[in-house]
Structures are given as structure tokens and as C-alpha cells.
Amino acid sequence: MPTTQPRIEDLFAARAREAVPPLYGAAGQRTTPMISLAYGLADPALFPRDQLSAAAATLLGDHPAAAEALNYGMTFPGLTQQVCERLRRQAVEAEPEQILIGYGSSQILALLPQVFLDPGDTVIIEGPSFMGAVKRFQMAGAHLVTVPVDAEGMNTDALADTLRDLAATGKRPKFIYTIPTFHNPTGATMPLARRKRLIELAAEYGVLVVEDDAYGDLRFQGDEIPPLAALDSDGWVLRVSTFSKILAPGLRIGWAYGRREIIDRLAMFKSEGTTGPFITRVVALYSAEGRLDNHIDALCDLYRSKCQVMVDAIKRELPDVQFTAPDGGFFVWATLPQGMRATELLERAQERGMSFLPGVNCYPDERGNECIRLAFSFQSAEKIEEAIGILGNAMRSI
């Protein structure tokens, strides 16, 4: 008989015991309403509910594929072809066998450690970065090396130094994880010269580049810049994207494009098999005949307006913070006045009824407490202005 009371937690694997709860969801009931600018949630006001309902009704009616769509089956090839066509319009010469459809880009990012990482392998990330992906690499035992991000995205001079230093010690990183367009959390966009330099360095050192492009379609000002995958002629880029930001996140549809060897291996570790025929057919039916492109145009108009509301409110209410307005995406990244800590400011702000994401949550170490991320994507214009006003009061209380 055991001498102590057995605990169910003792049965967990080490990775489960060490797991950190995700950065979303409620933390309990509050007595006062909270205006959250913390999370990059899509605005439900423009979810195309009627059109998606019509697509589902068409498929479940007299459509010849109705029975097939509701059975076990393969991903609908028509959706894969649509992804290929979108890539080709961006000068990426994609073929269907180079595409993997997944349940959101987060599923595909979670497959990367299973395919590429053994404990102790090196992964290069940006600092700051999207920790939802980075934590997956950490849980796989990766050794993380951080390259700084500035107003033009990943600093490729610093990346060159990092790769040279690693090579001198005999280390070859497994991949470089980057968000070059409307970066999460900073909103920065990497210019063409840096993109070309990044591709050159990847080829020189034989390192895969994982291009996380969740926000690339949501440009509301500035000129288009080719994705990394369009600049890569040797197959060193794996591009990952999603329908979550441009259609509806609840559909859980994302995709990856890359070399056939990588796509095939990712598919092997997608344990539930292909992404089902019903939802992939619904998304394809909705997206056809230019409907998705028209919807993206409407989204860009909406997010342009809401971003401007936030920028104007920050200038008015937070004159001592430094920030750069993004050309697209969901976020504004701001640097607080010298000596002010984001975690302390968050406590003051939450007491008054608003929240944001402290920069320390965007690094794998203790850095970033002088910065904050503000999401303009979800809240209404009126709530954005109210929240920034509350934040200004919280700052003045410190």
C-alpha cells in the first residue's frame, strides 16, 4: 500500500506537468466589465454568416457530393487548388502536392517540433515573438536563440552574426521562426532588402525558414511586399497561413506550403488524418468566384478604421509612449516611459476595467516589461477609445 495519498497529477508526463495554460479564456468572474485589448481576436461583426450558411445548405441539399462530404474522407482538393491559386497570384509557384491543409495554422506550427526537433536542437526565434508557437518549441526541448526585432522586423545583421557564431561551434539550427508581415506582437513589416538577406542567409547556412503569415492579407496601407516564399528559389521556406483572420477562426482551417519532402512528413504526423471533406468543401464553396477577396477588402476597410481610432486615442491619452502605427494586421506595440513596468501598469488598468498584453509575455525569458501590445481588432471603435482613456488614467496613477 502507498504511504502517501496518490495524486492524479503524478501520472502526467513531464511535458504535461510543465505545460503553461494558454493566453486566452476567462480567469474567473469579475464584478465589473473588462474591456480587453489583450488578444488578437477577429471582429465578429463581419463574419459572413449568411454566405457560409448558404454554402453549407448548398452542400447538404441536392449537391452531388453531399453524402461524400459527411463521411470519412479526404480534404477537398478544390480548396487545395484555391490555396495554390492564391499563392501563384503572389508569385509563389505552388503545386497541390506542396500544400497541407490543417485545422488552423496553430495545428501546423505544433507539428513542426514533431518533424524537426530532438531535445537540445537549436531554433532561432524573434524577440519579441508569438509565444503560442514558441512554447511548442520549448516543450519539445529546443534551445532557443533570440534575434531582436526592430521597426523593420527581424534584424538580419544580428541574424547573420548569430548564424556565424552558431556555425563556429558546430551548431546548425533546425529552423528560423519569423513573422515578417504585420508582426505579432510589434506590427512591424520586414522590407524587401531584409527579406532577400534572410533568404540568402538561410541558403548559405542550410537552415529552414518558417514564415508565419497569419496577417499578410490584412494590409490597409502601404505597398505590397512579396512573401518570403516568393523570394525563395531553393526550397528553404515553409510558409504557414490561415483562414482564421480572413474568414472566421471557428472554422479552424489553415495551411502550409513548402517542399514536398516537408509537406509529406508533416502529414505523417497529423495523427487524425486529413482535414475533413465537409468543412473544406464549405470553405471552398464560400471562397469561390471572388467572394473571399471581396470579403478581405471589407475587412481591410474595417481594421484600417479601427487602427486609426486607436492611434488617435494613443496620441491623445498616452503622449509619453512611443509607438509606430502598423500598415496592417491586428496590433499596436508601444514602449512605456522609462522606468514604468508593464506588469504593474496592467494591475492598475485591470482595477479600472481594461486589459492589454504585457511585453514580457512575448519573450521566452524575462525581457519586454517595458512594452505593451494593444489589439484593435476585436473591440468597437467606442470601446477602443474608452479602453485607451482608462489606460491613460492608469498610467497617470503610477
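The values are calculated or read from the model by the stated rules, or taken from the named source; none is laboratory data. This one's a predicted model, so the numbers in the text were calculated from it and none came from an experiment. Every residue, glycine as well, gets a Cβ built from its backbone with ideal geometry; the counts of neighbours run over all protein chains shown.
Looking only at residues that are more than 17 Å from Ser241 (Cα to Cα) and among the β-branched types (Val, Ile, Thr) in the range 176-206, which one is surrounded by the fewest Cβ atoms within 10 Å (Cβ to Cβ)? Top of the filtered list is Ile199.
Cβ-Cβ under 8 Å, sequence separation 6+ or interchain: first residue in the range 291-313 and free of Cβ contacts under 8 Å to residues at least 40 places away in the same chain, partner of a type in the set (Ser, Thr, Tyr). Which pairs? Going by the 8 Å Cβ cut-off, there are no qualifying pairs.
Of all residues in the range 376-398, none that is on the phi > 0 side of the Ramachandran plot and touching a residue at least 40 places away in the same chain (Cβ under 8 Å) has its Cβ atom under 9 Å from the Cβ atom of a residue that is of a type outside the set (Gly, Ala, Ser) and surrounded by fewer than 16 Cβ atoms within 10 Å (Cβ to Cβ), 6 or more apart or on another chain.
Residues are listed down the side, and each one gets a yes or a no for (1) surrounded by 22 or more Cβ atoms within 10 Å (Cβ to Cβ); (2) among the polar types (S, T, N, Q); (3) at pLDDT below 95; (4) out of contact with any Gly (no Cβ under 8 Å at 6 or more places or on another chain):
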position: Leu208; (1), (2), (3), (4): no, no, no, yes
position: Ala214; (1), (2), (3), (4): yes, no, no, yes
position: Ser233; (1), (2), (3), (4): no, yes, yes, yes
position: Val237; (1), (2), (3), (4): yes, no, no, no
position: Trp255; (1), (2), (3), (4): yes, no, no, no
position: Glu261; (1), (2), (3), (4): no, no, no, yes
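Sub-7 Å Cβ pairs linking a first residue in the range 331-351 that is assigned by TED's automatic domain parsing to the domain that holds Leu302 and within 12 Å of Leu391 (Cα to Cα) to a second residue that is assigned to a loop (DSSP other than H, G, I, E, B) and modelled with pLDDT of 95 or more, at least 6 apart or interchain, are Leu336/Val321; Leu336/Glu370; Ala342/Leu336; Ala342/Asn369; Ala342/Glu370; Leu345/Leu336; Leu346/Phe356; Ala349/Phe356, ordered by first then second residue. For the range 368-375, the condition of being more than 16 Å from Phe331 (Cβ to Cβ), in a loop (DSSP other than H, G, I, E, B) and either in contact (Cβ under 8 Å) with a residue 24 or more places away in the chain or out of contact with any Cys (no Cβ under 8 Å at 6 or more places or on another chain) (or both) holds for at least one residue. The set of residues in the range 81-112 that are touching a residue at least 24 places away in the same chain (Cβ under 8 Å) and either basic (Lys, Arg) or touching a Pro at 6+ places or on another chain (Cβ under 8 Å) (or both) comprises Gln90, Ala91, Val92, Gly104.
Of all residues in the range 265-279, those satisfying the criterion of being farther than 18 Å from Glu95 by Cβ and in a helix (DSSP H, G or I) are Met268, Pro277, Phe278, Ile279. Selection of the range 343-392 for residues being touching a strand residue (DSSP E or B) at 6+ places or on another chain (Cβ under 7 Å), among the charged types (D, E, K, R) and closer than 24 Å to Ser305 by Cα yields Arg373, Lys383, Glu386. Residues that are basic (Lys, Arg) and either part of a loop (DSSP other than H, G, I, E, B) or in contact with a Leu (Cβ under 8 Å, 6 or more places away or on another chain) (or both) are absent from the range 308-320.
Take the conditions (1) part of a helix (DSSP H, G or I); (2) on the phi > 0 side of the Ramachandran plot; Ile262 misses just one of them, which is (2). Take the residues in the range 354-380 that are farther than 19 Å from Gly187 by Cα and surrounded by fewer than 16 Cβ atoms within 10 Å (Cβ to Cβ), then tell me which one is modelled with the highest pLDDT. Checking each candidate, the answer is Ser380. Summed over the range 131-145, residues that are in contact with a Lys or Arg (Cβ under 7 Å, 6 or more places away or on another chain) and either surrounded by fewer than 17 Cβ atoms within 10 Å (Cβ to Cβ) or modelled with pLDDT of 95 or more (or both) total 0.
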